[in-house]
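Q: Structure in structure tokens, see below.
The values are calculated or read from the model by the stated rules, or taken from the named source; none is laboratory data. None of these values were measured; they are calculated from a predicted model. Note that we place each Cβ from the backbone using ideal geometry, even for glycine, and neighbour counts take in every protein chain shown.
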């Protein structure tokens, strides 16, 4: 008989209540999938000042003394259920001092070190202790590093096995040294850790965690190289036997074009004629020429250099007389927003830049465009290409990270699901778009490609099983010791 497994899942974000990036979606979808496998997983989330508490059903579970300076030292722990998963919401002065999820390095350090160290004293609220601490990103680094030192001490701190998951390596929590000192979290001395990283939360966690994971197999390999390792490639190569790449997934119930209330009508792989009507509706909504024969290209997401929006604009401008329509939805770097705005003005008859966050429009774009561009310079996993495939939009992606793992080129001879290019350049992207436009010119073949995309299983169930297996491996490590 398999013994029950308790996992405390730590995440600074949780969709839809506290969402900035893909971490929020992972935190919303992975724990329920793990519970379906019999894991007693529970969430550990900051009760951000921006969260509307009404309707959460919060009840006070207890208070925790956090071993930090006095003004930070008391945390109130509230409990509720989110999607069938027990959630502990951590409140306290440092959490309420920031209105948003992220603000500036000094405030973030105080908030997240307080929150993460509180997790190590969950025993103070009684009744449940984790076997595994699953920590996500730099905000949890202080907890992982501290717990590594607690195992040999007699105190009430958690001494579970730790898994540190990296969602985007460059975001390390730099500037937290003063708060780490204030909370008694000492620098980590490790031969593979550069001196500049010894008192930075994410590198500290990576050096001390029992296991490390990241969000795709290809990204796990990439971060061991100087090009993608951001100075930590040596440490990650040293720890490669304890580094696992597990691809993210999507909730295929929430992301279901047959029942999505954001769409004017439902459709599936066998009723793509309804999708054609959604395309016409989207063209009308955006003020574009209404013609289902025009190839429509979309982009959805955060606007920064990583995402390659600048290259997409250049590539589209290189297409000459080819027919296309284009829509971008997202916000981010003001300079890139300005580029997109100018591009939409230059090509006003066939391009739109919707510079805002709009989750329902995002779903209509996935369901209405023919192709989705994801020209990332690097992409740890990426979810938009999976959402696009689920909704019948064929992805055009660069061969990096999770994009490479989830999209097979149509010319690969391996059941292609999109158009993949290697070189990090606008010219290579333009050629991939041309290939997609050529394929679109054959309606029957294109429909078949859409159907193949829509039937790919990108569900969280596959990923949850991989995490379950890793948890079991971690527990066996504990037994061997």
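Q: What's the number of the only condition in (1) closer than 17 Å to residue 73 by Cα; (2) buried (at least 24 other Cβ atoms within 10 Å of the Cβ) that residue 164 fails to meet?
A: (1)
Q: How many of the residues in segment 440-471 are within 30 Å of residue 211 (Cβ to Cβ), in contact (Cβ under 8 Å) with a residue 24 or more places away in the chain and in a helix (DSSP H, G or I)?
A: Qualifying residue count for the region: 11.
Q: Additional query: Please go through segment 427-452 and give me each residue that is farther than 21 Å from residue 325 by Cα and either surrounded by fewer than 16 Cβ atoms within 10 Å (Cβ to Cβ) or in contact with a strand residue (DSSP E or B) (Cβ under 6 Å, 6 or more places away or on another chain) (or both), ordered by number.
A: Those that are farther than 21 Å from residue 325 by Cα and either surrounded by fewer than 16 Cβ atoms within 10 Å (Cβ to Cβ) or in contact with a strand residue (DSSP E or B) (Cβ under 6 Å, 6 or more places away or on another chain) (or both): 448, 451.
Q: Another question about this same structure. I'd like to check something: does segment 177-196 contain any residue that is buried (at least 22 other Cβ atoms within 10 Å of the Cβ) and part of a helix (DSSP H, G or I)?
A: The answer is yes, given that some residue of segment 177-196 is buried (at least 22 other Cβ atoms within 10 Å of the Cβ) and part of a helix (DSSP H, G or I).
Q: Okay, moving on. Go through segment 362-411 and count every residue that is surrounded by fewer than 24 Cβ atoms within 10 Å (Cβ to Cβ) and part of a strand (DSSP E or B).
A: 1
Q: Taking the conditions exactly as written (surrounded by fewer than 21 Cβ atoms within 10 Å (Cβ to Cβ) and part of a strand (DSSP E or B)), does residue 244 satisfy them or not?
A: Answer is yes for this residue.
Q: Follow-up question, since we're still on this one. For segment 197-214, which residues satisfy the criterion of being in contact (Cβ under 8 Å) with a residue 40 or more places away in the chain and either assigned to a helix (DSSP H, G or I) or out of contact with any strand residue (DSSP E or B) (no Cβ under 7 Å at 6 or more places or on another chain) (or both)?
A: The answer is 200, 201, 202, 203, 204, 205, 206, 207, 208.
Q: Right, something else. Would you pick out the residues in segment 65-79 that are touching a residue at least 60 places away in the same chain (Cβ under 8 Å) and outside any loop (DSSP other than H, G, I, E, B)?
A: If the condition is that a residue be touching a residue at least 60 places away in the same chain (Cβ under 8 Å) and outside any loop (DSSP other than H, G, I, E, B), then 72 is the only one that fits.
Q: Something else now. With over 21 Å from residue 95 (Cβ atoms) and modelled with pLDDT of 95 or more as the only criterion, which of 34, 58, 47 stands out?
A: The match here is 34.
Q: So, one more: Is segment 95-102 home to any residue that is under 22 Å from the mean Cα position of the chain (by Cα), assigned by TED's automatic domain parsing to the domain that holds residue 466 and closer than 18 Å to residue 206 by Cβ?
A: Looking through segment 95-102, none of the residues is under 22 Å from the mean Cα position of the chain (by Cα), assigned by TED's automatic domain parsing to the domain that holds residue 466 and closer than 18 Å to residue 206 by Cβ.
Q: Out of 220, 258, 262, which single residue is surrounded by 21 or more Cβ atoms within 10 Å (Cβ to Cβ) and not in a strand (DSSP E or B)?
A: Being surrounded by 21 or more Cβ atoms within 10 Å (Cβ to Cβ) and not in a strand (DSSP E or B) holds for just one of 220, 258, 262, which is 220.
Each row is one residue, and each column tells you yes or no for (1) in the same structural domain as residue 31 (by TED's automatic domain parsing); (2) out of contact with any helix residue (DSSP H, G or I) (no Cβ under 8 Å at 6 or more places or on another chain); (3) part of a strand (DSSP E or B).
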site: 54; (1), (2), (3): yes, yes, no
site: 63; (1), (2), (3): yes, no, yes
site: 81; (1), (2), (3): yes, yes, yes
site: 113; (1), (2), (3): yes, no, no
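Q: If you don't mind, there's one more thing I want to ask. Would you check if residue 435 is closer than 27 Å to residue 332 by Cβ and out of contact with any helix residue (DSSP H, G or I) (no Cβ under 9 Å at 6 or more places or on another chain)?
A: no
Residue by residue, here is whether (1) surrounded by fewer than 18 Cβ atoms within 10 Å (Cβ to Cβ); (2) touching a strand residue (DSSP E or B) at 6+ places or on another chain (Cβ under 6 Å); (3) closer than 17 Å to residue 252 by Cβ holds:
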position	(1), (2), (3)
14	no, yes, no
19	yes, no, no
34	no, yes, yes
38	yes, no, no
42	no, yes, no
54	yes, no, no
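Q: Still on this structure: Counting only residues that are surrounded by fewer than 21 Cβ atoms within 10 Å (Cβ to Cβ) and in a loop (DSSP other than H, G, I, E, B), which one in segment 84-100 is modelled with the lowest pLDDT?
A: 99
Q: Which of the residues that make up segment 304-336 are over 24 Å from the mean Cα position of the chain (by Cα), surrounded by 15 or more Cβ atoms within 10 Å (Cβ to Cβ) and not in a loop (DSSP other than H, G, I, E, B)?
A: Of everything in segment 304-336, those that are over 24 Å from the mean Cα position of the chain (by Cα), surrounded by 15 or more Cβ atoms within 10 Å (Cβ to Cβ) and not in a loop (DSSP other than H, G, I, E, B) turn out to be 313, 314, 315, 316, 325, 326.
Q: Oh, and also: Checking residue 282 against (1) crowded, with 16+ Cβ neighbours inside 10 Å; (2) outside any strand (DSSP E or B); (3) not assigned by TED's automatic domain parsing to the domain that holds residue 441: exactly one of these is not met. Which one?
A: Against the list (1) crowded, with 16+ Cβ neighbours inside 10 Å; (2) outside any strand (DSSP E or B); (3) not assigned by TED's automatic domain parsing to the domain that holds residue 441, residue 282 comes up short only on (3).
Q: Filter segment 124-149 down to the residues that are in a helix (DSSP H, G or I), surrounded by fewer than 24 Cβ atoms within 10 Å (Cβ to Cβ) and in contact with a strand residue (DSSP E or B) (Cβ under 9 Å, 6 or more places away or on another chain) and list them by number.
A: Correct list: 124, 125, 148.
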